[in-house]
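Reviewing the structure listed below.
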Amino acid sequence: MPAEHYHSGSNPDLGFGDLKKMTESEKTSQKDNLTEISREILALKNKHHATILAHNYQIPEVQDIADFVGDSLELSRVASRLDTEVIIFCGVDFMAETAAILSPQKKVILPEKSAWCPMAHMITADQLRDLKRLYPEAAVVCYVNSTAEIKAESDICCTSANGLQVANSLSEKQIIFVPDRNLAAYIARHTDKTIIPWDGYCYVHDRFTAQEVLAARAEHPSAEVLVHPECRPDVIDLADFVCSTSGMSRHAKASAAREFIIGTEAGMVYRLKKENPEKQFYPLSKNAICKNMKKTDLTKVLRALQILQPRVTVPEDIALRAKKAIERMLDVKI
Ligand code: SF4
């Protein structure tokens, strides 16, 4: 896999250009095809002056009702710029937390309270503080897929799109990287910094195997293979492109290829098909399902709008420090 594909492109993931925003024709068609529950959701959404955000891995019905579909940081950034008081964040806990950190004055609601990211919880703030004591000279970079406490203990955040640029922007030679060991390994292969990884991982991406890539290529020989940097190194080595979900969306639109094998959570295929109806997309594995991402459905979105709960808040002292790490990342030029 050529490294330049990871960080090339004129439209980095932090831009709003990659968000899937509902078009006027989609809104009209949505009005025509509304189910009873969708009608109730839209009525309450208008009543509360709310915006519904959905992550790329959400189920199709939730993506279809959302005002914006994108990756976690894009959605948090759009949340901070919206002129709405209520944000219904259809995703997992750390995403809603990030939105609350960037927009403390807004009500951020996570429709399913138990939707959490196992990887984000693989390291605690105490464990990170111990690591910092072991490597006092090192800077701390945390992937945005982390808890607010971990962000607050970090010097800077990064996304799956800008990890290399963030690492290279630091003056320190040593970097503690948490929580994803695979993203850490990917960055370590392309920087001359010493990366000290935490042993966390996303179980959805870590389960892809090189054999699956070879089998998918044999089945679809004309397809390009796109994989997420949370995959293991041996899977990344067999891919044509390594990119975040936003990068996949950009690449699929721009590429002359007609077929793509998608090495990320299978929900991403729905968005890619919708954006590129003339092209074919195959999940690298149909079993690549994040259980927590699938916990949110329309019933829960409706309930969240009815009671404006469960609200996600972050204690002010943690939020202020976490926000600094996020904002420092946003200043890095990519
Ligand atoms: S796909 Fe992986 S990183 Fe994303 S929420 Fe699920 S477990 Fe966490």
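Since every read-out is calculated from the coordinates, none of them should be taken as a lab result. Computed from a predicted model, the values in this text were never measured in an experiment. Neighbour counts are summed over all protein chains in view; Cβ atoms, including those assigned to glycine, are modelled from backbone coordinates with ideal geometry.
Here are the numbers for the structure shown:
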{"quantity": "Using θ = phi - 60° and Karplus 6.51 cos²θ - 1.76 cosθ + 1.60, couplings along the stretch 144-158 (whole Hz; Gly, Pro as x)", "calculated": "4, 6, 8, 6, 4, 5, 5, 4, 5, 8, 9, 7, 7, 9, 8"}
{"quantity": "Distant alpha-carbon pairs in the chain (separation over 32 angstrom), percent", "calculated": "26 percent"}
{"quantity": "Sequence-distant residues sharing a close amide H with V108 (under 5 Å, placed H)", "calculated": "I87, V312"}
{"quantity": "Whole-Å semi-axes of the ellipsoid equivalent to the stretch 204-283 (Cα gyration tensor, √5λ, descending)", "calculated": "18, 14, 11"}
{"quantity": "Hull-based mean projected area of the stretch 136-264, where the convex hull spans the alpha carbons, in square nanometres", "calculated": "8.1 nm²"}
{"quantity": "Ranked packing of 315-323, 131-139, 248-256, most packed first, by mean Cβ within 10 Å", "calculated": "248-256, 315-323, 131-139"}
{"quantity": "Fewest-first ranking of E230, E219, E172, using other Cβ atoms within 10 Å as the exposure measure", "calculated": "E219, E172, E230"}
{"quantity": "Derived scalar couplings ³J(HN,Hα) [the stretch 294-308; Karplus, 6.51 cos²θ - 1.76 cosθ + 1.60; whole Hz; x for Gly, Pro]", "calculated": "8, 6, 8, 9, 5, 4, 6, 5, 4, 4, 4, 6, 6, 10, 6"}
{"quantity": "Cα-centred dipole magnitude for the chain, charges only on beta-carbon of K, R (+1) and D, E (-1), debye, nearest 20", "calculated": "560 debye"}
{"quantity": "Coordinate range along principal axes, alpha carbons of the stretch 29-104, Å, largest first", "calculated": "36, 26, 18"}
{"quantity": "For G200, distant residues with modelled amide H under 5 Å away", "calculated": "R181"}
{"quantity": "In order through the stretch 51-68: 3J(HN,Hα) via Karplus (6.51 cos²θ - 1.76 cosθ + 1.60), integer Hz, x for Gly, Pro", "calculated": "10, 9, 10, 10, 6, 4, 9, 6, 5, x, 4, 6, 4, 5, 8, 6, 7, 9"}
{"quantity": "Amide H within-cut-off set for T296, under 5 Å, with H built and near neighbours excluded", "calculated": "none"}
{"quantity": "Sequence of W116, W198 once ranked by neighbouring C-beta atoms within 10 Å, starting from the fewest", "calculated": "W116, W198"}
{"quantity": "Cα-only radius of gyration and Dmax that characterise the stretch 34-181, units Å", "calculated": "17.3, 58"}
{"quantity": "Neighbourhood net charge (13 Å Cβ-Cβ; Lys/Arg +1, Asp/Glu -1) for V213", "calculated": "-3"}
{"quantity": "Paramagnetic reach from W116 (point 7 Å along Cα→Cβ, amide N under 17 Å) across the stretch 287-308", "calculated": "291-296"}
{"quantity": "Gyration tensor (alpha-carbon) shape descriptor, the stretch 123-211, a/c threshold 1.5", "calculated": "oblate"}
{"quantity": "Local electrostatic count at A325 - Lys and Arg +1, Asp and Glu -1, tallied over other residues with Cβ under 10 Å", "calculated": "+2"}
{"quantity": "Average Cα contact separation per residue, the stretch 204-283, under 8 Å, 6 or more apart, as relative contact order %", "calculated": "30 percent"}
